[in-house]
Amino acid sequence: LNINPWDNFPTKSLNKISTILTKKLQTMKIQSLSITLPSILGVAPVSGRIIQSPYRIGIHTSAIRRLQTQESTPLPGNGATLSAASTTTTTSTTSYTTTTTTAVGTSTTPDRTTGGTPPPEVTFPPDITTPVGIGGGPPGGTEVPPVIETRTTSTTPMVVTPGGGATTVVPGDVIDPVTASSAAASSPASSDWSFSPLTVPEGGLRPCNQVIEMGFVDNILPKEVILTTLNGMTDNMFDFTNETQASIAADVKAQMESLVTYSVRARKVCTSCEEANAIWEKTHADVTASEVMPYCMDGKFAYGRTIGGLVLEPIDSVTGDVVSGNIAASFWTDITETDPFLAASQVWPYDFSALLPQKLSFGAMASASAGTISFVPDVLGLGEDWQNPRSYMVKEVYQASSIPLLLKVENDYVEADSCTRLDKRIAISGYSEGGYAAISTADAVERLNDGYTNTFLGIGGAPIKLSTEQTRAILEMADDVFPFPAFAVRYANAYSSTNGDLVNYGLGQDYASDEYMTPGEKTKNIKIWIEYGLNYEEMVPLIPTPSSDVVNPEVVDMIVSSFAANYTDPCNSEFAPDSLDKACEAVKSNDLLETVESFKFPVTFCHSPNDEIVFYSNLPNVSAFENFNMIEDLPGVGGIVNPQGSHYESFPVCLMGFMFPFVAPPDEGIIRQITPIDEPCDTPVDGPDAPTVAPGGAPSESSNFPTSHMPTESSAFQSFGGLISFVTLFASIVGGIMW
């Protein structure tokens, strides 16, 4: 089964693709997938260059898992092998088949789970789209299907083997279908699993507290590139054959032009609880740091660790420095990646013509260009903190990942005696786990109680009712119908004595089942999966059917029995045993319903009623609170932003919606307004950037970026718009972007 979205699918067809895959798997008993999704993999011709991406495809459906029998021991797929000339080889066991691409080059992602010597790194040739295998299967097998069908569009010569004979495909040829050769299995499947610990990527991590190098003059991302990027996102979110949608898209672009005001520079900032405590104590004699930042006390989960993050600053095009004045902050709270090296501070791209920013960094880029200091925290356990444990859905983790960064940057500007001050206005947005983190961060801002003001809180698709409505996921897992089984792994691991701040730590009341906490059994120990950074694709073959088997049976029984009695609060039901009292207390203390209902500042929710992963019932009673709004009800936004799709499809919709508060003119809205600083300063408060491109699109002498990076109007869609929808909209099946 092969799909080329360039030809066959509109850009908003993730749900359609998922549906087709599921139906094919269920009705046709297909056990081998070879899918051509070039832009998802970041392998597509763009302005004559290759797009390299850290993403890998992971299809998370119960249909795939049901194809595996109890006797099979499939190995997880670890991404595809890509090259200019390749042959596609299919191997299988009786119960499970995997299609891989054996390349002249080798994989860019070393296989850390199958053992053996990792292959050397491949050098990607330009302008190539090759079929890519998906799935996890053993490296050898005993039964091989005679043929598989593939489809690809070739952009450089490559060789395929229809029916065993070689055929040369010249650029532009479409092969539909091609019968690829099947090599006989050379060896039986091995059940000897070999996991290996994480190691720092080649080249190491970016240095802390320094400007991030970019392929632009003075490492400054020009506002023209930012506008082109945002317009590309708009182009791919609307159907221009529909007159109404085309009109809306034109309005959105006009608003983006008023949002994009400054060029942007990126910094990687690192700090710690110890430094944050010292900064606070230095300026607050009447209130101790432990009172306002209890998550940073000595002995807490975050104490003694490195807290890092991506910080984007609006830049004055004349001085080349951060704009002067009192500048508001904006936070775009991210998820806890399974791979700790996919932290925002690590993956911010050097070259925008080769790789676009990841996930919520789009929003941070927009809000920084609007005139705010924008933060994307690396959640504890990511980036510089990669060697320490990672948690999940524990509110203090996100608070400790954010507030120390805020205090660090605020203090940096003061100590530098610059004309820039980070004042106390803060806008926060996040989606899915990031939405949970956004609520947690806003709560931590309120606790500071030092004049800080939450000006806006955007909560997208968040599991607010973690201990009640969201436990329905476990119920669906028990029925083998929940579409994201890895949630059970992350959830169970987080509440199984991995975070010493939780009240059930070390008391024998873990959320994970004993079977999947087996010491020394790597395939049945979810702590090892998390510690070694297995991505969701790698986890899927390890997850049992039903996936609820990784969860403590007492927890599963409590939830199933409670929902069967139409009671959605299992821990407060008659079915909650005394043996789970501390486990329940741990989860209930991290439920955020009461927290969000206590907020008095503006809160906007963005949540699809068709969300199949974080259920719509997680929302509070929005109409009961004057300061609460659904994003589709906001004036001027509702006709544009109205999420109706799946959890993944709604992400880019909500992301765009959370950018709208930054559209208001700088002198009218408190979210992005820049005001004069109180103390004397030689540099005046900056207005919007002067144009850095001369009329006609040619670079002026004052242009702060080279002509080689100038996107023309005709190339803008190809270079940025043509990829943006896949990087955001389709990223859901490329490494679990939301979870």
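The values are calculated or read from the model by the stated rules, or taken from the named source; none is laboratory data. Note that the coordinates shown come from a computational prediction; the quantities given were computed from them, not determined experimentally. FYI the Cβ positions are ideal-geometry reconstructions off the backbone, even for glycines, and counts take in every protein chain you see. Heavy atoms of the whole protein, side chains included, go into the accessibility calculation; ligands, DNA and RNA do not. Shrake-Rupley method; radii C 1.70, N 1.55, O 1.52, S 1.80 Å.
Roughly how many nanometres apart are two label points built 7 Å out from the Cα toward the Cβ at Thr518 and Glu679?
For Thr518 paired with Glu679, the spin-label model returns 6.3 nm.
Can you pull the percent of region 226-287's accessible area that's carbon plus sulfur, 1.4 Å probe, other chains left in place? Show your work: numbers first, answer last.
On the way: 1250 of 2510 Å².
Carbon and sulfur: 50 percent of the exposed surface of region 226-287.
Ignoring ligands, DNA and RNA, please state the percent of accessible area on region 363-454 from carbon and sulfur, probe 1.4 Å.
On the way: 750 of 1940 Å².
Within region 363-454, the accessible surface is 38 percent carbon and sulfur.
Whole-Hz ³J(HN,Hα) for each residue in region 479-492, computed from phi via Karplus 6.51 cos²θ - 1.76 cosθ + 1.60 with θ = phi - 60°, x for glycine and proline: what do you get?
8, 6, 10, 6, x, 10, x, 5, 4, 4, 5, 5, 5, 5
Tell me, in nm to one decimal, what length is gained between Asp286 and Asp479 on full extension, where the rule is 0.36 nm per residue of separation less the Cα-Cα distance?
Answer, rounded to one decimal: 64.0 nm.
So, by mean Cβ neighbours within 10 angstrom, what's the order for 448-456, 536-544 with the highest one leading?
Taking the mean over residues of other Cβ atoms within 10 Å, the ranking is 536-544, 448-456.
Need one number: nm distance between label points at Glu257 and Ser623, each 7 Å from Cα along Cα→Cβ, rounded to one decimal.
Distance between label points: 4.0 nm.
With a 10 Å radius around each residue's Cβ, average the other Cβ atoms per peptide and rank 390-403, 611-624, 545-558, highest first.
390-403, 545-558, 611-624
If each of Gln387 and Tyr350 carries a label point 7 Å out from its Cα toward its Cβ, how far apart are those two points in nm?
2.5 nm
Mind running the shape call on region 230-370? Use the C-alpha gyration tensor, a ≥ b ≥ c as the square roots of the eigenvalues: rounded below 1.5 for a/c, prolate if a/b tops b/c, oblate otherwise.
Since a/c reaches 1.5 and a/b is larger than b/c, the shape of region 230-370 is classed as prolate.
Per residue, how big is the convex hull of region 422-539 when only Cα atoms are used? Give it in Å³.
Per residue, the Cα convex hull of region 422-539 comes to 150 Å³.
State the three equivalent ellipsoid semi-axes of region 572-670, derived from the C-alpha gyration tensor as the square roots of 5 times its eigenvalues, in descending order and whole Å.
On the way: eigenvalues 210, 61, 26 Å².
Output for region 572-670: semi-axes of 32, 17, 11 Å.
FRET efficiency for Gln245 and Thr545, Cβ-Cβ distance as r, R0 = 60 Å, nearest 0.05? Walk me through the numbers on the way to the answer.
Details: r = 41 Å, r/R0 = 0.69.
Between Gln245 and Thr545 the formula returns 0.90.
Using packing as a proxy for protection, rank 583-589, 491-497 so that the peptide with the highest average count of other Cβ atoms within 10 Å comes first.
Sorting 583-589, 491-497 by mean packing, highest first, produces 491-497, 583-589.
Take the alpha carbon atoms of region 230-275, find their center, do the same for region 430-464, and report the distance between the two centers in whole angstrom.
21 Å
Which semi-axis lengths, in whole Å and largest first, follow from the square roots of five times the eigenvalues of the Cα gyration tensor of region 506-633?
32, 20, 15
If I take every Cα pair under 8 Å that is 6 or more residues apart in region 403-503, average their sequence separation and divide by the length, what percent do I get for the relative contact order? Spell out each step's value before the answer.
Values: 89 pairs, mean separation 21.2, N = 101.
RCO, region 403-503: 21 percent.
What Kirkwood radius, in Å to one decimal, follows from the Cα pairs of region 311-429?
Details: mean 1/r = 0.0663 Å⁻¹.
This gives a value of 15.1 Å.
Please report, to one decimal in angstroms, the Kirkwood hydrodynamic radius of region 553-599 built from all distinct Cα-Cα pairs.
Here the Kirkwood hydrodynamic radius works out to 11.3 Å.
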